[in-house]
Amino acid sequence: MCPFGYGNIEVGLCIGCFIIFGLIGCIVMGIIADKTKKLEELTKILYSIGVISLMCIGLVSRFEKKKQIIYSIV
């Protein structure tokens, strides 16, 4: 990621956030899926959230002050 202007700290923070929030999301949505028995609907919702998140990451990566945005999110 260094050729794109990101240092080791920024990349580590982003990957750490992906792992932590992914783990929390899996646990919470697993509990909800077990209680409601609506796995297909939850899967569609989670895919939609994932696509929106990737679009946000793509937009943030185009800003000039990327590091400040990343640090403010974390």
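The values are calculated or read from the model by the stated rules, or taken from the named source; none is laboratory data. Nothing here was measured: the structure is a model prediction, and the numbers come from that model. Here the Cβ is made from the backbone with ideal geometry for all residues, glycine too, and neighbour counts use every protein chain on show.
Kindly indicate which of ILE15, ILE19, ILE57, ILE27 is exposed (fewer than 12 other Cβ atoms within 10 Å of the Cβ), at pLDDT 90 or above and either of a type in the set (Phe, Trp, Tyr) or part of a helix (DSSP H, G or I) (or both). Spell out the reasoning first.
Values: ILE15 fails: at pLDDT 90 or above; ILE19 fails: at pLDDT 90 or above; ILE57 fails: at pLDDT 90 or above.
It is ILE27.
Pairs needed: first member in the stretch 14-42, free of Cβ contacts under 8 Å to residues at least 40 places away in the same chain; second member anywhere, basic (Lys, Arg); C-beta distance under 7 Å; at least 6 residues apart or different chains.
Filtered contacts from the stretch 14-42: no entries.
Based on what the data block shows, is ILE49 at pLDDT below 75 and not small (Gly, Ala, Ser)?
Numbers: at pLDDT below 75: no; not small (Gly, Ala, Ser): yes.
Against the criterion (at pLDDT below 75 and not small (Gly, Ala, Ser)), ILE49 does not qualify.
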